[in-house]
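> Got a structure for you, written out below as structure tokens; questions coming shortly.
The values are calculated or read from the model by the stated rules, or taken from the named source; none is laboratory data. Note that the coordinates shown come from a computational prediction; the quantities given were computed from them, not determined experimentally. So basically every Cβ, Gly included, is an ideal-geometry build from the backbone, and we count neighbours across all protein chains shown. All accessible areas refer to the heavy atoms of the entire protein, side chains included, with ligands and DNA or RNA removed. Shrake-Rupley method; radii C 1.70, N 1.55, O 1.52, S 1.80 Å.
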Amino acid sequence: MAVTTSEIELTIQRDLIDGQWSAAECDLGADLTDPNSGQPLQRQRETAAHRVDHAIAAAAALHRAGTWRKAPAATRAAVLRRAAELLTEGSADIARCDAINTGVLLSVTTMFAAGLSDALLSAATHLERDPGDHDAAGTDAAVRLRFLPWGPAAVISPWNAPTFVTAKKTAFALAAGAPVIAKPSHWAPSGAVLFAEAMQRAIDEAGLPSATFQLVHGGAAIGQQLAADPRIRALSFTGGRVAGLAVARAGAADCKALQLELGSNNPAIVRADCDIDATADALVSGFTKLNGQWCESPGSIAVVARQHDALIDALLDRLREVRLGHCLDSTSTMGPQAHSAQYQHVTAAVDKLAAGGGTVHDVTARPDLPGWFAPPIVVDNAPTDLTVDEIFGPVLTVHRVSDDAEALELANSRSTGLAGYVFSTDLDAALELGAELDCGEVKVNGTSVLDLTPDSTQGFWGGSGIGAHGDAELLRFFRGARIVGVERAGLPI
């Protein structure tokens, strides 16, 4: 399938502030490009600082008024369910925008877009199950325990799954009763605009205040403005560690609630008793998923020495079958990197590993296209001190170990925290070994992007962030506990 840049369009970057749509007025000095060709599509835009301040002020005023936070749980849930309906109608447009912004295959972004409605419905269901009212038992006096929104919430989203992250975190913040200001990545703003249109329509139809949900645009400066403003009382950020730490520093001054999902060089342990073919299938699926641009991608492999050569051969056999191509082409099995800076980052990382002595295995054919196509790479024999940090791209480093103990030591010396993987036919041994990995979620014999269970909780360990994710965790994050009651009589002190 031939697709030209002239056929590709992106939704215009527009702000939604206190119910009013307007073009993001500041030029960030760079382009959003077609990742398949490198051709510019649109300038990157940013909301003016005074407009962001207007949005924060509107959210703070709404929170003080209590119109949204005091709305019955049934009302909030109904708004989320209506927005879910509207998103179902617009999912194809969101999927196309996300594919163009990220380089991820349209077949994959279509699945993410289809999941937007489910994310909102899940938030509504969790709210209905737990509206936040927990009256204390075991006391004669009236004591009321309430879980209430901290205050206005900011959601800062990454560019690799831009609309889904924006939608899911927004939905749970709204369920908690918080007015929300969302800021998508300046590299992938388009789908968030379409999400905002659906959200605004659902809010307007319910006759609720326009500042319930707002959308702003921009880069680090706008993220810092949201993080540093004391009127924002909860902030959820997904992205890289450098940006995340800057957000943490800015938000710490007023002790706002922070949820930070940052990077991780996710380790995988390949035990002596593994099924090599199944292991290779899972690892290749894992590190090429989203073109390698996801924070739980397997990155650093510890394989017992006697399985090493067989694993390398099996990985390369599968990589020869990868069809690297246009992200809108239904025959492609992997697409380009999202933008030039990401492409340069990945290629520089591979060059560094090669210069350090690593053996680079590059066996996937490039398409005859001028875009940001970085093939999946396996690097063997690289010094372990060069493979500590996350690359965030389609690069897998492989290391020989003598046994499980050495594998575990190597795995936990990586810059880990989010995800880990163990491959073995002995499930009891694999589960026991996986429990020792310093990661929030460890999967045995698989690398799916989905949670292990519908009620999963995945903590962010070490440098991978603050907090956790999972649906119940999200609702909990945007709420604080407040207990109010009549003092018991006759207390001794």
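> Taking only protein heavy atoms and a 1.4 Å probe, what accessible area per residue, in Å², does the range 1-137 have with all protein chains in place?
44 Å²
> Moving to a separate point now. If you roll a 1.4 Å probe over the range 8-54 with all protein chains in place, what percent of the accessible area is carbon or sulfur?
Heavy-atom surface of the range 8-54 belonging to carbon and sulfur, 1.4 Å probe: 46 percent.
> Carbon and sulfur together cover what percent of the accessible area of the range 142-186 at a 1.4 Å probe radius?
The computed percentage sits at 66.
> Cβ under 10 Å from GLN44's Cβ, GLN44 left aside: what net charge do those residues give with Lys, Arg +1 and Asp, Glu -1? List each step's numbers first, then the result.
Details: positive: ARG43, ARG45; negative: ASP27, ASP31, GLU46.
That works out to -1.
> If you don't mind, another one. Which of (1) 47, 25, 22; (2) 39, 29, 19; (3) 30, 28, 23 is the computed semi-axes √(5λ) of the Cα gyration tensor in Å for the structure on display?
(2)
> When we measure straight from the Cα of LYS183, which lysines land under 23 angstrom away, once same-chain ones fewer than 8 places off are left out?
LYS168, LYS169, LYS256
> Quick check: at a probe of 1.4 Å, how many percent of the accessible area of the range 266-444 sits on carbon and sulfur atoms?
Here carbon and sulfur together make up 48 percent of the probe-accessible area.
> Hey, what's the range 399-475 come to in accessible area per residue, 1.4 Å probe, Å²?
45 Å²
> Okay, next question. Tell me, what HN-Hα J-couplings in whole Hz come from the Karplus equation 6.51 cos²θ - 1.76 cosθ + 1.60 at θ = phi - 60° for each residue of the range 400-410, using x for Gly and Pro?
6, 9, 8, 6, 4, 4, 5, 4, 5, 4, 5
> Further, regarding this structure: Could you provide, to the nearest whole Å², the per residue accessible area of the range 213-291 with probe 1.4 Å?
The answer is 29 Å² per residue.
> Using the alpha-carbon atoms, what tilt in degrees (0 to 90, nearest 10) does helix 241-252 show relative to the longest principal axis of the chain?
Taking the Cα atoms of the chain, the angle to 241-252 is about 20 degrees.
> Kindly provide the helix-only [θ] at 222 nm of the chain, computed as the sum of -39,500 (n - 2.57) over DSSP H runs of four or more divided by all residues, to the nearest 500 deg cm²/dmol?
-12500 deg cm²/dmol
> Relative to the longest principal axis of the C-alpha atoms of the chain, give the angle of the C-alpha long axis of helix 73-102, reported between 0 and 90° and rounded to the nearest 10°.
Approximately 30 degrees, to the nearest 10.
> Further question on the same structure: Whole Å is fine, so just give me how far the alpha carbon centre of the range 279-331 lies from that of the range 419-483.
Taking the Cα centre of the range 419-483 as reference, the centre of the range 279-331 is 22 Å away.
> Mind checking Rg over Rh on the range 266-444, alpha carbons, Kirkwood formula for Rh?
Ratio of gyration radius to Kirkwood radius for the range 266-444: 0.96.
> Output the 0 to 90 degree angle, nearest 10, between the alpha-carbon long axis of helix 340-355 and the longest principal axis computed from the alpha carbons of the chain.
Taking the Cα atoms of the chain, the angle to 340-355 is about 40 degrees.
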